[in-house]
Amino acid sequence: LTSTVRRIEAKFYKKKGESNYFDLNKDLRENKIIEICPSVEDVKIIQDKFDPRSAPILHIGELEAITFLMRQEISDIKFCSGDFGAIRAMVILDIGELAISLEEALKQCGLLREVEPKFSEAIFKECMENAKLQRIYDTKLIVEE
């Protein structure tokens with residue numbers, strides 16, 4: 001879990017229309033989750049890889065996670081997002097194989113349940129294919145080194 005997501009973004013989930021709050025600080029203290037916090041310099045290196053004219057829109061938590069994945073500090077790890085910008089960024093950076101839909105992640109954990117359409121495997125696959133096509137047709141996605 002990225003530090004930004006833990007500190008700022010992940011605070012509750014909705015069930016039957018009600019917000020259910022949770023405390024990830026407790027899970028962190030009990031070693032139930034691992035927090036990742038790439039350096040500002042590493043995040044900037046990844047951010048600078050994208051051509052600013054056609055860069056995918058990424059939230060800081062997604063950028064932190066993608067930076068972590070690019071550094072390959074842990075093997076056999078996946079990134080779960082229903083955000084097309086994050087999926088697109090991973091395809092552009094040639095790490096699309098590390099992306100996974102929430103539906104598939106839950107299935108692999110034995111917790112399969114109905115998810116919002118944007119988190120479904122079908123929508124995820126559609127986003128992946130669209131991102132791959134954009135990568136093929138748009139030569140201005142990444143800054144040449």
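The table that follows gives values for the structure above.
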read-out	value
Filter result for residue 66 (on the phi < 0 side of the Ramachandran plot, touching a helix residue (DSSP H, G or I) at 6+ places or on another chain (Cβ under 9 Å) and in contact (Cβ under 8 Å) with a residue 24 or more places away in the chain)	yes
Among residues of segment 11-42, those that are out of contact with any helix residue (DSSP H, G or I) (no Cβ under 6 Å at 6 or more places or on another chain) and not in a strand (DSSP E or B), counted	17
Total residues in segment 84-100, condition charged (D, E, K, R) and surrounded by fewer than 22 Cβ atoms within 10 Å (Cβ to Cβ)	2
Those residues of segment 65-88 which are modelled with pLDDT under 90 and touching a strand residue (DSSP E or B) at 6+ places or on another chain (Cβ under 9 Å), in sequence order	73, 74, 81
Segment 45-71: number of residues that are open to solvent by 20 Å² or more (accessible area, probe 1.4 Å) and under 24 Å from residue 10 (Cβ atoms)	8
Unique residue being surrounded by fewer than 16 Cβ atoms within 10 Å (Cβ to Cβ) and among the acidic types (Asp, Glu) when the list is 116, 103	116
Search result, residues across segment 27-36 that are open to solvent by 90 Å² or more (accessible area, probe 1.4 Å) and hydrophobic (A, V, I, L, M, F, W, C)	34
In segment 1-10, the residues that are modelled with pLDDT of 85 or more and either of a type outside the set (A, V, I, L, M, F, W, C) or open to solvent by 100 Å² or more (accessible area, probe 1.4 Å) (or both)	2, 3, 4, 6, 7, 8
Only one of 129, 121 that is open to solvent by 70 Å² or more (accessible area, probe 1.4 Å) and free of Cβ contacts under 8 Å to residues at least 40 places away in the same chain	129
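The values are calculated or read from the model by the stated rules, or taken from the named source; none is laboratory data. As the structure is a computational prediction, the values presented were derived from the model and not from experiment. FYI the Cβ positions are ideal-geometry reconstructions off the backbone, even for glycines, and counts take in every protein chain you see. In case anyone asks, the SASA skips ligands and DNA or RNA and just uses the protein heavy atoms, side chains included. Shrake-Rupley method; radii C 1.70, N 1.55, O 1.52, S 1.80 Å.
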